[in-house]
Every structure is written in structure tokens, then in C-alpha cells.
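The values are calculated or read from the model by the stated rules, or taken from the named source; none is laboratory data. Not measured: the values here are computed from a predicted model. In this analysis, Cβ positions are derived from the backbone assuming ideal geometry, glycine residues included, and neighbour counts consider all displayed protein chains. Quick note on the areas: whole protein, heavy atoms, side chains included, nothing else; ligands and nucleic acids left out. Shrake-Rupley method; radii C 1.70, N 1.55, O 1.52, S 1.80 Å.
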Amino acid sequence: MLFKSLEFKNVYGQKVKIIEIPVLEEDSTYRFMIQLRLEAFINKVYYSYNTKTVFSFRDYLKKVLKWPVYEQIFKEDILKNNA
């Protein structure tokens, strides 16, 4: 799975970085939901005054999504015979 990161300055002029943003395929059923969650998360980070400068979108999704949905989005292919 591919991940993106996003860097910007918040309202207070602090440089903020959001990491581990999943890149989903065009036909993925979760693409729209992830896009809305990302927009809400960016908005939350943009207006918050926090000493933390790096935020993980994956950790945020772990908190707000139901576990089966989270597993479907971040499922990892298990390799056979350690290949």
C-alpha cells in the first residue's frame, strides 16, 4: 500500500506534517469515506494549537473507524513461505 504525507502551516504559523495517508484505488469503496475523514482531520489539526508537529492519519483512523473497516483499508498481503 502506498502512503502520502502532507505538510502545511496551521493558523498559528506552526509547521505541521500529517503522515501515513493511504492512497486508495479509484474504484475503492472506502475512498470517499477516507477523503471526508482526511478533510475533517486536516481541519482539526489546522485550528488546534498543539506543540506536536507530526500527526499520523493512520492512528486517527484507528480511533474513529470500526475495526473491520480499518482492517479492510489497511489489509496487508501475507506472503507465503517468507517470500
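Working carefully through the options I42, I19, find the one that is among the β-branched types (V, I, T), open to solvent by less than 90 Å² (accessible area, probe 1.4 Å), free of Cβ contacts under 8 Å to residues at least 60 places away in the same chain and touching a Ser or Thr at 6+ places or on another chain (Cβ under 6 Å).
I19
Being without any contact (Cβ under 8 Å) to a residue 12 or more places away in the chain and of a type outside the set (D, E, K, R) narrows it down to one of T29, T53, so name that one. Lay out the reasoning, then the answer.
Values: T53 fails: without any contact (Cβ under 8 Å) to a residue 12 or more places away in the chain.
Selected residue: T29, the only one of T29, T53 that is without any contact (Cβ under 8 Å) to a residue 12 or more places away in the chain and of a type outside the set (D, E, K, R).
Restricting to the range 15-29, name every residue that is under 14 Å from R58 (Cα atoms) and of a type outside the set (A, V, I, L, M, F, W, C). Please lay out each step first, then the result.
Of the residues in the range 15-29, the ones under 14 Å from R58 (Cα atoms) are 17-24.
K17, E20, P22, listed by residue number.
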